[in-house]
Amino acid sequence: MAPVVALDGMGGDNAPAAPVTGAITAARDGVQVLLVGDRATLERELAHQDAAGHSGIEIVHAPD
């Protein structure tokens, strides 16, 4: 079974770009990533980084 990690996609100085980049890297290495934050913002960033619909990343909508 693949390891699972939750990642705050909206935190940090370079969010959401930096956390999304990390999520993509981890997912490519076989980690299941729960990317937490505003769904629309994270989906836009995943699309911008050409990773929309990546099977190793699940967005957990947390608007606040």
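Quick notes on this structure:
- Only helices enter this figure: runs of n ≥ 4 DSSP H residues, each worth -39500 (n - 2.57), summed and divided by the residues of the chain, yield -10500 deg cm²/dmol at 222 nm to the nearest 500.
- Mean separation of Cα contacts under 8 Å, 6 or more apart, over the residue count of the chain: relative contact order %: 36
- Acute angle (nearest 10 degrees) that the helix 39-48 long axis makes with the longest principal axis of the chain, alpha-carbon atoms: 70
- Relative to the longest principal axis of the Cα atoms of the chain, the long axis of helix 17-28 lies at roughly 10 degrees.
- Protein heavy-atom accessible surface, 1.4 Å probe, per residue over the chain: 61 Å².
- By accessible area, using a 1.4 Å probe on protein heavy atoms only, the chain has 53% of its surface on carbon and sulfur.
The values are calculated or read from the model by the stated rules, or taken from the named source; none is laboratory data. Treat the numbers as computed from the prediction; the structure is a model and nothing was measured. We work out accessible area using only protein heavy atoms, side chains counted, and drop any ligands, DNA or RNA first. Shrake-Rupley method; radii C 1.70, N 1.55, O 1.52, S 1.80 Å.
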